[in-house]
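A short write-up of the structure that comes next.
The values are calculated or read from the model by the stated rules, or taken from the named source; none is laboratory data. Quick caveat: nothing in here was measured; it's all calculated off a predicted structure. FYI the Cβ positions are ideal-geometry reconstructions off the backbone, even for glycines, and counts take in every protein chain you see. Keep in mind that these areas ignore ligands, DNA and RNA; they rest on the heavy atoms of the full protein, side chains included. Shrake-Rupley method; radii C 1.70, N 1.55, O 1.52, S 1.80 Å.
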Amino acid sequence: MFDASWLNVGSLVFGLFSWALPIVNLTRSKKQRNLNWAFFSFASISACAISICLQIFYQNYLVKIEDWSAIMDTMGSVAFISAALLIVTIFLNIISFMVCRNKTAISS
């Protein structure tokens, strides 16, 4: 009934979503005061956490079915991509915070 490959698809979707939210926040109209930048940042970091969590669940699935070769083949890439996802998400949210803070200060 449940195919574990959906965990990878969900992880990819949430990972892309975690990058898209700060970008959307940055590209919003300059006339808007961006009062809800905190919502976008919170949702972005939450999506990043869900994405990494889904990868952990997939690795747990591989342990349960004792597919050691799959774990050994993919663990290095999973660790690298998870770290890159987290670093880029934090970086985008910091940029979004700085830009939105300046827009709010200028429009006040």
Answer yes or no: is there a residue in region 55-76 that is at pLDDT 95 or above and closer than 13 Å to Gly15 by Cα.
yes
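Mind listing whichever residues of region 34-54 are of a type in the set (Ser, Thr, Tyr) and at pLDDT below 95?
From region 34-54, those of a type in the set (Ser, Thr, Tyr) are 41, 44, 46, 51; that's our starting set.
Once the filter is applied, which keeps residues that are of a type in the set (Ser, Thr, Tyr) and at pLDDT below 95, region 34-54 yields only Ser41.
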Between a residue in region 1-18 that is buried (at least 16 other Cβ atoms within 10 Å of the Cβ) and any residue that is among the charged types (D, E, K, R) and at pLDDT 95 or above, which pairs come within a Cβ distance under 6 Å, given they are 6 or more apart or on different chains?
none
Which count do you get for residues in region 49-108 that are open to solvent by less than 50 Å² (accessible area, probe 1.4 Å) and touching a Pro at 6+ places or on another chain (Cβ under 8 Å)?
4
